[in-house]
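Have a look at the structure below, then the notes.
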Amino acid sequence: MICCEISSINIDKYLYLYPDNSGSFIKNLSSKYGIKTTNQTCGYLSKKIYTALNSHKDKYMKRLVIGSDIPSLSVNEIYDCLEYLDYHDIVIGPSRDNGFYLVGTKNRAHKCFENMDLNEILTDDIIDICRDQKIEYKLLRKLKDIDTPRDLLNL
């Protein structure tokens, strides 16, 4: 659903996969939706986010990471994020379970994830770091994510 939703946006798109990005399903997905694939780093969630945001910092001023478990995500959140990054260093899409479904950064603001060493990151964790480091941030609307089978029943 997310690949289909973002395919209409005229930006470079990367899909980070673990343990690797091989196989016919991934190749077909990449070809069908115009998404480049790459291997995701292992380790803490914070390290995965940092690495994804850091990997193209010299090529793109604005970079976004989107979770893969957000059925109601639309291009509107992505467009809003890109627009808000004109005025803020970090844009966070909070999820209803206090996590987040999207984080957008510009310049060096992604450094807030560098030494977190966390697998569970709450929106408030990011906000606290932004406040401590005087990083301008903006929140998007809250969306529901799918973390458990029970979450599917509550859509």
Practice task
Report the trypsin sites (Lys or Arg not before Pro) located in the stretch 2-69 that are in a DSSP loop and have at most 14 other Cβ atoms inside 10 Å of their Cβ, or state none.
Solution key: Lys59
Handout entry: Euclidean distance of C-alpha centroids, the stretch 115-155 and the stretch 59-83, integer Å
Key = 14 Å
Problem - Gaussian network model of the chain, springs between alpha carbon atoms under 10 Å - residue of Asp132, Asp117, Asp145 with greatest fluctuation - result: Asp132
Problem - With at most 15 neighbouring Cβ atoms within 10 Å, loop chymotrypsin sites (Phe, Trp or Tyr not before Pro) (DSSP) excluded, longest segment of the chain - result: 88-155
Exercise for the section: Assign one of three labels to the stretch 17-155, namely rounded, prolate or oblate, based on the Cα gyration tensor with a ≥ b ≥ c the square roots of its eigenvalues; rounded applies when a/c is under 1.5, prolate when it is not and a/b is larger than b/c, and oblate otherwise. Expected result: rounded
Handout entry: Subset of Lys36/Lys106; Lys13/Lys47; Lys27/Lys138 violating a 23 Å alpha-carbon distance limit
Key = Lys27/Lys138
Completion exercise
Expressed as a percent, the accessible surface of the chain that is carbon or sulfur, using a 1.4 Å probe and the full set of protein chains, is 48 percent
Fill in the blank from the handout: Contour minus Cα-Cα span, Asp147 to Leu118, at 0.36 nm per residue, comes to 8.8 nm
Practice task
Give me the accessible area per residue for the chain, probe 1.4 Å, as a whole number in Å².
Solution key: 59 Å²
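The values are calculated or read from the model by the stated rules, or taken from the named source; none is laboratory data. The structure displayed is predicted, hence computed values, not measured ones. We place every Cβ from the backbone using ideal geometry, glycine too, and count neighbours over all the protein chains shown. The area values use the complete protein model at the heavy-atom level, side chains included, leaving out ligands, DNA and RNA. Shrake-Rupley method; radii C 1.70, N 1.55, O 1.52, S 1.80 Å.
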